[in-house]
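Here's the structure, in structure tokens; my notes come after.
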Amino acid sequence: MATATLGPTDMLVGNPSILIAEDDLATRALLRATLERGSYLVREFDNGADALDDIEQRPPDLVLLDIGMPGLNGIEVTQRLRSRPATALLPVILVTARGRTEDKVAGLDAGASDFVTKPFEPVELLARVRANLRLSTALNRLEATQDVLVALANAVDAKDPATEHHCDRVAGRALAFARIAGLSGEELEAVGYGAVLHDIGKIGIREEVLLKPGALTDAERTEMQRHPLVGAEILRPLRLGRLIGPIVRAHHERWDGRGYPDGLQGDGIPFGARIVGIVDAHDAMTHDRPYRPGMTEEAALGELLRHRATQFDPWLIDLYVANLERIAIEALHPSDALTRGLLPTHEADA
Ligand SMILES: [Fe+2]
């Protein structure tokens, strides 16, 4: 039976809330008293099922779960929390009995963030709660940063309706292509972000230039060609900027050195930028622009090959053309782990 009671500190604004699920009355009372001394807002339950329901209704900032509860135990509750996107990152501290190594192993496998051993030291409990809340705040900030980046990329898309969903499409294909080209881990992730954000610098380009239906004047072209530099500058302060800045900056460089903004040549162009450059050019060719209609797939293929070793890395363009179908299929199903927060929308258009 639930014994959800709210403590006197509930009226405080901004204090983190903690949910306790523990069937032993004495331990539960001690946990509550200790946490309230730390000015946390506490709510408590004597079983896992009610705790899980309550967490779903109003997610707390941290959860303390007893492993040995009847019914749904702490490990099962942890597993369920981890399987749901809304609570996948919620800090979960398991309360275990001393010496139960197998409990700790099962808890870690289920995705617990930390452990407190009974009988616990109040100072240690409070220290662990503080540490886990700090980590959780940092993770949330990181996620918020990713959301902001994606929102910015979508803002660029929205500024130019003719290129709507261009960034999403390029990201899906660039990730599939980068995998085929042998990238993994951080480098692969950088290509994903670089592809989503490659044109983010267009946010700084005047709309009359960005949306001009006819040919650009020299001055307008110079302004337009600043977008890779502006983009790299926007991303520079971010932790991810170190990885994706070079891709964004170099996505219009050409294999023969006649690209912009730095006139880099051949292997001097970052590998990820060469990948994004190919996918970006292909997508642009096959979609309408204010100044011309989109090409057929066949015509685009011919165009890509015509610029082999002048605009594009010859090895990469051969690999791209040989795997076009596979890339198109895999771009529709990017792996969840890689694209969490990265490709949130328009999967059907990818
Ligand atoms: Fe661009």
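Before we move on, is ASP288 free of Cβ contacts under 8 Å to residues at least 24 places away in the same chain, away from the ligand (no atom under 14 Å from the Cβ) and among the acidic types (Asp, Glu)? Walk me through how you get there before you give the answer.
Numbers: free of Cβ contacts under 8 Å to residues at least 24 places away in the same chain: no; away from the ligand (no atom under 14 Å from the Cβ): yes; among the acidic types (Asp, Glu): yes.
Spelling it out, it is not the case that ASP288 is free of Cβ contacts under 8 Å to residues at least 24 places away in the same chain, away from the ligand (no atom under 14 Å from the Cβ) and among the acidic types (Asp, Glu).
Restricting GLY241, GLY257, GLY266, GLY294 to residues that are among the small types (Gly, Ala, Ser), surrounded by fewer than 19 Cβ atoms within 10 Å (Cβ to Cβ) and touching a Ser or Thr at 6+ places or on another chain (Cβ under 6 Å) narrows the list to GLY294.
Name the residues in segment 196-209 that are more than 11 Å from the ligand (Cβ to nearest atom) and in a helix (DSSP H, G or I), would you? Hits for segment 196-209 are VAL196, ILE203, GLY204, GLU207, GLU208, VAL209.
Could you tell me whether PRO213 is in a loop (DSSP other than H, G, I, E, B), surrounded by fewer than 14 Cβ atoms within 10 Å (Cβ to Cβ) and free of Cβ contacts under 8 Å to residues at least 24 places away in the same chain? No, not satisfied. Of ARG258, ARG274, which residue is more than 20 Å from the chain's Cα centre (by Cα) and assigned to a loop (DSSP other than H, G, I, E, B)? Exactly one of ARG258, ARG274 is more than 20 Å from the chain's Cα centre (by Cα) and assigned to a loop (DSSP other than H, G, I, E, B), namely ARG258. Condition first: closer than 28 Å to GLN265 by Cβ, within 12 Å of the ligand (Cβ to nearest atom), modelled with pLDDT of 85 or more and touching a helix residue (DSSP H, G or I) at 6+ places or on another chain (Cβ under 9 Å). Can you find one or more residues in segment 161-175 that meet it? For segment 161-175, residues closer than 28 Å to GLN265 by Cβ, within 12 Å of the ligand (Cβ to nearest atom), modelled with pLDDT of 85 or more and touching a helix residue (DSSP H, G or I) at 6+ places or on another chain (Cβ under 9 Å): present. Taking the conditions (1) surrounded by 21 or more Cβ atoms within 10 Å (Cβ to Cβ); (2) within 15 Å of the ligand (Cβ to nearest atom); (3) in a loop (DSSP other than H, G, I, E, B) in turn, ALA112 satisfies each one other than (2).
Taking segment 230-246 as the range and being in a helix (DSSP H, G or I) and either away from the ligand (no atom under 11 Å from the Cβ) or outside the structural domain of VAL170 (by TED's automatic domain parsing) (or both) as the test, the residues that pass are ALA232, GLU233, ILE234, LEU235, GLY241, ARG242, LEU243, ILE244, GLY245, PRO246.
The values are calculated or read from the model by the stated rules, or taken from the named source; none is laboratory data. Everything numeric here is computed off the predicted structure, so don't read it as measured data. Heads up, the Cβs are rebuilt from the backbone with ideal geometry, glycines too, and the neighbour counts pull from every protein chain shown.
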